[in-house]
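Peer 1: Shown below is the structure under consideration.
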Amino acid sequence: MAIDSIRKVAFDVDCFELDHYNDEKPGVWEEAQDEITKAEKYTESLYEKKSEFLNGKDIYNNLEPHFANLRCEIDQLEHIGLQSSLIRSKHLHNLLQAARERDGDTYHNPKIDHVTVKLPWYKVNNLIEKLYIKYHRTEIHKYYDLVEEYIHYGSIKKYDDEKYCYGMYCHWKEIREGYRDMMDDEETISNHYHTHDKEWQYGVDPKKCKNLPDFFKKRIRRIKRNRRKKEIAEVKRENKQKIVQAKEHKLRNYVSLHQYARKIPGSVYWFVDKNKKFAKNKKLPFGVLYVGESKNFQNRFVAYAPKSSDRLTELERKMKKKFPNLKEEDIKKFIRDPKQCCLKEVKYNFLSNDYRRKYFEKRLIQTTRPLLNTTKVIDYGDKA
C-alpha cells in the first residue's frame, strides 16, 4: 500500500511531464522555436531584396507577431516549470506530514487501539526513509548532478572532432534519452519508483545488516578501507613519481641521437709541411699540404690515422698521386714524422652549419693555397 501511494505521486508527476514534454506532439518549446525560425527566415529573405524596395513599416509588421508570440510562449514555459515544481511540492508535503506521524517521538492518544507488529530494525518509525535520504543515491541523483554541472559550468559536446555549445533543452533531451536506454520501461526522468537502484554509499546496504550499530560499523570499516586504498595509491603514485624524477635526474645530461648530431661542432682541419719540403708558401712560415672540412672529425680522422699494415692513409695516397715518382716508404716517413708534418684542427659551434663550414674551408684554401687540394673552389658568396 505504501508503494502504491508513492507510485500515484509519480504517476501524477509523469502525467504532467508527458503532457508537455513528449516526442509525439509539439509543445510550447517547439512553438517558441518555430516562431524564432520564422523570424530568422524572414530576415534572411531581406538580403535578397534591394535596399530601395525595403519598407521599415512592413518589416516591423511582419516581425512583431513572431516576437509577441515568442514572449507569450516563454511565459508559458516559465509557468510550466512552476507548475511542475508545485506538483512535486504538494505531494512531498503530504508525504512529509505522514512521515512525521510515523516518528516514534510523536504523541498519540493512549485511548486508541495500539497494535504490536514485528518489523525489521530498519522499518521502525521512518528510519529507512532517513537512511535512503542520507546514504543512498539513485540514477536521478546522477542526472541531477549532470544538470547542476551544466548550469554552473556550461556544456560542450563534440561532433566530428569539432566542439559545439548546445542549449539546456538539448542537454535535457540527451539526458532523458540516456535514461531511456538504461530503463526501457520508463517514460520520464521523474519515474524514480523503480526497484533496481542499489547504490548505497560504500556498498553497505542496511537491509543486510543486523542492526543500526552494525550498519554504522560496516560503513566505518568501508570508509577506513577506502581511505587506506587511497593512501596506498597515493604512496605508490608518489614512489612512481620519485622513480621517474630520479631517472630524469640521472638522464639530465643525456641527449637523443638527433640532438647529439645537431650539437656536434663541425671542424676545419689542415696538414702542414713544417719545413716547406714539398709545399711552398711565401706568406706563411710553413707550407700547407691539404685543407679539409668535416661535420664529425673524429669519424673522418680514421682515414688519416697511420695504419699498422702497409696500406697508405688517405693523405699518403694524395701525396703518391701528386708525386708518383716518390717511393711509398719515403711518403710514409715524411707524413708520419712529427718534425716534418703535423695537423691542425679548429672546431666551433657555428661550423656545425654545412654552408658556414664549407665557406670557412674555401676561405682557408684561398688564403693558404694547399698543395694537395684538387677540388675546384666554388664561390659561395659572403653569406653570414
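The values are calculated or read from the model by the stated rules, or taken from the named source; none is laboratory data. Just so you know, these numbers come straight off a predicted model, no measurement behind them. Note that we place each Cβ from the backbone using ideal geometry, even for glycine, and neighbour counts take in every protein chain shown.
Peer 1: Considering only the stretch 333-349, I want to know if a residue exists there that is surrounded by fewer than 14 Cβ atoms within 10 Å (Cβ to Cβ) and assigned to a helix (DSSP H, G or I).
Peer 2: Checked against the condition, which is being surrounded by fewer than 14 Cβ atoms within 10 Å (Cβ to Cβ) and assigned to a helix (DSSP H, G or I), the stretch 333-349 yields at least one hit.
Peer 1: Here's a follow-up. I'm told Glu316 meets every condition in (1) loosely packed, with under 14 Cβ neighbours inside 10 Å; (2) closer than 12 Å to Tyr290 by Cβ; (3) of a type in the set (D, E, K, R) except one. Can you identify the failing condition by its number?
Peer 2: All conditions pass for Glu316, except number (1).
Peer 1: Filter the stretch 174-233 for residues that are assigned to a loop (DSSP other than H, G, I, E, B) and at pLDDT 55 or above and give the result.
Peer 2: Of everything in the stretch 174-233, those that are assigned to a loop (DSSP other than H, G, I, E, B) and at pLDDT 55 or above turn out to be His196, Asp197, Lys198, Val204, Asp205, Cys209, Lys210, Asn211.
Peer 1: Let me ask something else. What single numbered condition from (1) modelled with pLDDT under 90; (2) of a type in the set (Val, Ile, Thr); (3) under 20 Å from Asp273 (Cβ atoms) fails to hold for Val302?
Peer 2: (3)
Peer 1: For the stretch 268-305, give me the residue count where each residue is assigned to a loop (DSSP other than H, G, I, E, B), loosely packed, with under 12 Cβ neighbours inside 10 Å and under 58 Å from the mean Cα position of the chain (by Cα).
Peer 2: 1
Peer 1: Next question, about the same structure. Could you grab me the full set of residues in the stretch 302-339 that are within 20 Å of Gly287 (Cβ to Cβ) and of a type in the set (Ser, Thr, Tyr)?
Peer 2: Tyr304, Thr313 - these are the residues of the stretch 302-339 that are within 20 Å of Gly287 (Cβ to Cβ) and of a type in the set (Ser, Thr, Tyr).
Peer 1: Considering the stretch 211-239 alone, what residues qualify as being touching a residue at least 40 places away in the same chain (Cβ under 8 Å) and over 15 Å from Lys134 (Cβ atoms)?
Peer 2: Scanning the stretch 211-239 gives a single hit, Asn211.
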